[in-house]
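See structure below.
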């Protein structure tokens, strides 16, 4: 798992090859085991393969354009429950989705829909049930390795363990 975490990168360029339903269900099956506060599992997922809907979603955030070119977009719906830990739980399940896809050789890239008007527009586009907010999405597909890679944080390096960790005696 450590190598999977270290090699995970955001992918914004995809081959036009469809992502199989089986692969998506494997990814979701792995991610559904993600822990959540009080085991509420305050998430639902919507797989969007329709190019028209993906194109519409790509205009709902400053950094969402890559959604139009991805063969699949998984929209993450968070329960509008007022709990402060719901967004933390959403981050956990999003990371699990990306890691599970990466283990299958698929690329992913997270995006956030904003402002709130765009969240409501996304909800209408995917026919979200009342009480569920589509604030985030994950582009999924086979990476196009012939296209230039997006800038990465790796050349700038990562903080060392000693810079990140403080011990309280």
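Throughout, read-outs are computed from the coordinates displayed, never taken from laboratory work. Just so you know, these numbers come straight off a predicted model, no measurement behind them.
The figures follow:
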| item | result |
| --- | --- |
| Coordinate range along principal axes, alpha carbons of the chain, Å, largest first | 52, 44, 31 |
| Extension gain, residue 37 back to residue 121 (0.36 nm per residue minus Cα-Cα distance, nm) | 27.4 nm |
| Scattering profile of the stretch 37-80 at q = 0.29 Å⁻¹ [log10 I(q)/I(0), Debye over alpha-carbon scatterers] | -0.98 |
| Antiparallel bridge percentage (DSSP; both residues within the stretch 2-146; nearest 5) | 95 percent |
| The chain, helix-only ellipticity at 222 nm - DSSP H runs n ≥ 4, -39,500 (n - 2.57), divided by all residues, nearest 500 | -9500 deg cm²/dmol |
